[in-house]
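Colleague: Just passing along the structure, written as structure tokens.
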């Protein structure tokens with residue numbers, strides 16, 4: 001069986017790994033085996049954190065909405081319930097943005113929710 005020389009193949013594979021671990025410290029970016037393991041772990045963290053980021057932002061939006069709602073004398077859950085009863089379809093991301101950047105519009109939405117709860 002003929003001998004297979006893998007110089008270019010291995011070098012290209014190693015270059016790809018070294019490029020991905022450029023910001024890592026010490027031997028994690030210099031020694032291929034350690035770099036490869038570091039890269040694989042970093043890629044797993046990336047995958048997991050892409051999902052966690054969605055949860056984190058939803059929690060942040062809810063906190064912002066709750067703070068603004070309480071400034072209007074209503075709790076977060078009452079606000080969401082009142083908006084659903086009023087058939088106002090607006091998501092939490094937009095509500096949080098209104099609470100931060102356009103407070104008068106948020107106040108109007110809060111008053112609509114209050115009216116639906118009392119009626």
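The values are calculated or read from the model by the stated rules, or taken from the named source; none is laboratory data. Just so it is clear, the structure is predicted and the values come from calculations on it, not from any experiment. Here Cβ is always computed from backbone atoms with ideal geometry, including for glycine, and neighbour counts include all displayed protein chains.
Colleague: Among the residues of region 86-97, which ones are in contact with a helix residue (DSSP H, G or I) (Cβ under 6 Å, 6 or more places away or on another chain) and either farther than 25 Å from residue 54 by Cβ or free of Cβ contacts under 8 Å to residues at least 12 places away in the same chain (or both)? Talk me through it step by step, then tell me what you get.
Modeller: Keep residues of region 86-97 that are in contact with a helix residue (DSSP H, G or I) (Cβ under 6 Å, 6 or more places away or on another chain), which gives 86, 92-93, 95-96.
Matches in region 86-97: 86 only.
Colleague: Is it the case that residue 73 is under 15 Å from residue 118 (Cβ atoms), out of contact with any strand residue (DSSP E or B) (no Cβ under 6 Å at 6 or more places or on another chain) and not in a helix (DSSP H, G or I)? Give the derivation first.
Modeller: Details: under 15 Å from residue 118 (Cβ atoms): yes; out of contact with any strand residue (DSSP E or B) (no Cβ under 6 Å at 6 or more places or on another chain): yes; not in a helix (DSSP H, G or I): yes.
Spelling it out, residue 73 is indeed under 15 Å from residue 118 (Cβ atoms), out of contact with any strand residue (DSSP E or B) (no Cβ under 6 Å at 6 or more places or on another chain) and not in a helix (DSSP H, G or I).
Colleague: Another question about this same structure. Read through the list (1) assigned to a helix (DSSP H, G or I); (2) modelled with pLDDT of 95 or more, then give the number of the only condition that residue 30 fails.
Modeller: With respect to (1) assigned to a helix (DSSP H, G or I); (2) modelled with pLDDT of 95 or more, residue 30 is out only on (1).
Colleague: Any idea which of 60, 83 is in a helix (DSSP H, G or I), surrounded by 15 or more Cβ atoms within 10 Å (Cβ to Cβ) and touching a helix residue (DSSP H, G or I) at 6+ places or on another chain (Cβ under 9 Å)? Before you say what the answer is, go through the steps one by one.
Modeller: On the way: 60 fails: surrounded by 15 or more Cβ atoms within 10 Å (Cβ to Cβ).
After applying the criteria, what remains is 83.
Colleague: Read through the list (1) at pLDDT 95 or above; (2) surrounded by 14 or more Cβ atoms within 10 Å (Cβ to Cβ); (3) more than 30 Å from residue 11 (Cα to Cα), then give the number of the only condition that residue 77 fails.
Modeller: Answer for residue 77: the failing condition is (2).
Colleague: Please pick out the residue among 54, 19, 15 that is farther than 23 Å from residue 93 by Cα, loosely packed, with under 13 Cβ neighbours inside 10 Å, modelled with pLDDT of 95 or more and under 27 Å from the mean Cα position of the chain (by Cα).
Modeller: Going through 54, 19, 15 in turn, just one is farther than 23 Å from residue 93 by Cα, loosely packed, with under 13 Cβ neighbours inside 10 Å, modelled with pLDDT of 95 or more and under 27 Å from the mean Cα position of the chain (by Cα): 19.
Colleague: Restricting attention to region 63-74, report how many residues are surrounded by 15 or more Cβ atoms within 10 Å (Cβ to Cβ) and either within 27 Å of the chain's Cα centre (by Cα) or on the phi > 0 side of the Ramachandran plot (or both).
Modeller: Let us first name the residues in region 63-74 that are surrounded by 15 or more Cβ atoms within 10 Å (Cβ to Cβ), namely 64-66, 68-69, 72, 74.
If we keep only those that are either within 27 Å of the chain's Cα centre (by Cα) or on the phi > 0 side of the Ramachandran plot (or both) too, we end up with 64-66, 68-69.
Of the residues in region 63-74, 5 are surrounded by 15 or more Cβ atoms within 10 Å (Cβ to Cβ) and either within 27 Å of the chain's Cα centre (by Cα) or on the phi > 0 side of the Ramachandran plot (or both).
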